[in-house]
Each structure stands twice: as C-alpha cells, then as structure tokens.
Amino acid sequence: MAASRPIWKGQLRLSLVSINVEMFPAHKSGATTAFNQIHKPSGKRIHYQKVVEGIGPVEAKDIRKGYQYDKGEYVLLEDEELDAVKLETKKTLDLVQFVDETEIPLLYYDSPYFVAPADDLAEDAFRVVRDALRKSKKVGLGQLALRGKEYLVAIKPCGKGMLLETLHYEAEIKKADSFFSDIPAKSADDDLLEVATALIDKKTDRFDPKIFKDHYQAALRELIQRKLKSKGRKIEVEDDKPARQTGNVIDLMAALKKSLDSGARTPAKKAAARKAPARKAAKKAPARKKAS
C-alpha cells in the first residue's frame with residue numbers, strides 16, 4: 001500500500017471502533033545535501049567512538065541507559081525493563097477529543113506523518129472516520145507511544161488518507177512574555193496600518209510550494225560540482241556584498257507607499273505573468289471618408 005516501511009503499526013480507535021493502521025514519515029530524509037567530517041591529511045572519514053573517562057573505547061554490549069539521580073550517581077535501566085513499561089498507547093491511538101484545527105496554536109506542531117489503513121478489512125472504517133473528520137472540520141487528539149516517548153498527536157484528513165502531526169506538550173513550550181516584554185503595548189498608527197494592509201493584500205495569493213526553491217541547496221550542489229571539476233583545488237569565492245546600511249530613523253509611510261507603488265508581486269503572480277500569452281494589438285479600423 002505504501003512504498004516505505006511503516007514506523008508504527010497499531011490501532012486507531014474511536015470509541016468502540018478500532019482500525020488497523022500504519023504510519024509513515026511525511027518528510028524526505030535525503031532532500032538536503034549531507035556532509036561527513038573528513039580527516040584532511042588522509043582524506044578518510046572520521047568516525048566516533050563511545051569512550052569512558054579513564055577507560056577508553058567501550059563495546060556497545062556494555063552500554064546501558066542511566067538516569068542521574070545525584071551528581072555522578074546513576075540508576076541503570078535494562079532495555080527489557082524499559083520495554084516492559086506498559087502503555088496502551090504503544091499499540092493504540094485512542095481519539096479522546098476533537099477540536100477545531102484553528103484552536104491549536106502553530107507553535108505546538110512538531111512532525112507530520114501519513115496514516116493509512118493496514119489492510120483491506122480496515123478500509124471501510126478508516127474511510128468513515130476520515131470523512132467524518134472532513135465533514136465536521138475537526139481534528140482528532142490522542143496520544144501515541146513511539147521511540148521511547150509518548151507523544152500528543154493530532155490527526156486529520158489528507159487526500160485519501162490521514163495526516164498525523166505530533167504536538168509539543170504545554171510544558172515544552174516557552175512562554176512568550178520574556179521575549180516580548182520590552183515591546184511597548186500600543187497599536188500601530190491607523191494610516192500606516194492601512195497602507196501596510198494594502199501592501200499585504202497586493203502580495204496575497206494561494207499557497208503553492210512548487211514556486212519556492214531551496215537556493216542554498218542549489219548553490220551547494222553547484223559548488224560541489226565546481227570542486228569536483230577543479231580536482232579538489234581550493235575555489236576562490238567572491239566576498240559577499242556588504243548589506244545595505246539604513247538609518248534607524250526612516251520615513252515609514254514613504255517606504256510603504258513606495259513598496260505599494262513598485263509593482264512588486266508574489267512569486268506565484270510573477271510566474272503567472274510570465275506564462276500569460278502576449279495579446280496582439282488590435283488593428284485600427286480604416287478611417288471613414290467624409291461625405292463631400
């Protein structure tokens with residue numbers, strides 16, 4: 001049913017209805033350029049070893065997980081003991097609450113995963129829950145134990161399947177007060193706000209991720225190709241142009257109006273403008289002769 005191996009198999013449960021499902025990562029792991037650390041004199045890759053102070057490198061079979069309960073004092077836990085921690089959420093994702101998607105602040109969202117029925121028998125029930133979420137415009141909340149941690153998760157329709165997103169717990173979120181406390185509590189000037197809103201309206205379009213490219217990754221790949229062609233010789237790189245300096249005091253209204261009048265458009269609108277066929281100039285009608 002899916003090209004990759006599931007990272008979790010279990011049951012999606014809504015009250016007395018249980019559905020066998022599988023979960024897959026929604027992100028590609030190899031989409032960015034990865035580097036290894038290399039020992040320059042030999043050209044060989046650097047590997048890391050687990051070492052104990054005063055002893056040196058140790059074997060994996062001698063390593064255990066430990067919790068520091070006092071400085072330098074640890075309680076050791078065996079893998080079997082950790083696996084024996086009984087959590088129903090290891091095998092069951094119970095949808096215990098439903099909320100409007102807009103009720104969940106964006107900073108709570110963490111990682112997305114695709115959820116699909118595990119077999120043909122699960123498809124009917126899966127379809128019912130998926131379409132019920134879509135019709136009600138709700139997001140299901142539950143908890144899921146995965147990779148040594150119990151996650152708070154939200155699940156919603158996604159095409160023919162569903163999308164599960166892990167959420168941060170409230171205790172994991174930093175309070176904004178300490179970052180925003182120095183910002184004066186006053187509203188923007190009405191005239192400035194009107195021009196800024198008009199500028200936002202002008203640059204508003206539908207979200208299309210295809211028009212945004214990772215320029216840094218493209219530049220890295222180009223640099224790597226140049227390095228290969230130069231057979232490893234150092235490439236002279238031009239210094240970055242210094243950032244344009246601006247004074248602290250600017251005419252904000254003038255800057256906003258200039259931006260609004262500049263004809264700047266969103267990338268999507270620019271692409272659409274490039275694709276639009278040029279209109280042919282209309283032929284002028286022949287001038288009528290005046291009656292003599």
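The values are calculated or read from the model by the stated rules, or taken from the named source; none is laboratory data. Computed from a predicted model, the values in this text were never measured in an experiment. All Cβ positions, even for glycine, are placed from backbone atoms using ideal geometry, and neighbour counts span all protein chains on display.
Okay, residues lined up against (1) more than 28 Å from Lys174 (Cα to Cα); (2) modelled with pLDDT of 90 or more; (3) among the acidic types (Asp, Glu); (4) in contact with an Asp or Glu (Cβ under 7 Å, 6 or more places away or on another chain):
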position	(1), (2), (3), (4)
Pro57	yes, yes, no, no
Glu78	yes, no, yes, no
Leu82	yes, no, no, no
Thr89	no, no, no, yes
Glu101	no, no, yes, no
Pro105	no, yes, no, no
Tyr108	no, yes, no, no
Val115	yes, yes, no, no
Leu121	yes, yes, no, no
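If you check Lys44 against the conditions, is it more than 30 Å from the chain's Cα centre (by Cα), of a type in the set (D, E, K, R) and under 28 Å from Lys174 (Cβ atoms)? No: the conditions fail for Lys44.
Scanning segment 90-119 for residues that are closer than 20 Å to Ser18 by Cα, of a type in the set (Ser, Thr, Tyr) and under 25 Å from the mean Cα position of the chain (by Cα) yields one hit, Tyr113. Only one entry in Lys50, Lys40, Lys65, Lys90 is basic (Lys, Arg), more than 28 Å from Tyr151 (Cα to Cα) and surrounded by 10 or more Cβ atoms within 10 Å (Cβ to Cβ), namely Lys50. Restricting attention to segment 107-119, does a residue exist that is out of contact with any Ser or Thr (no Cβ under 9 Å at 6 or more places or on another chain) and free of Cβ contacts under 8 Å to residues at least 12 places away in the same chain? The answer is no; no qualifying residue exists.
Restricting attention to segment 201-237, the residues that are in contact (Cβ under 8 Å) with a residue 12 or more places away in the chain, assigned to a helix (DSSP H, G or I) and loosely packed, with under 10 Cβ neighbours inside 10 Å add up to 0. When we screen Arg134, Arg130, Arg147 for residues that are of a type in the set (Lys, Arg), under 23 Å from Cys158 (Cβ atoms) and modelled with pLDDT under 90, the only hit is Arg147.
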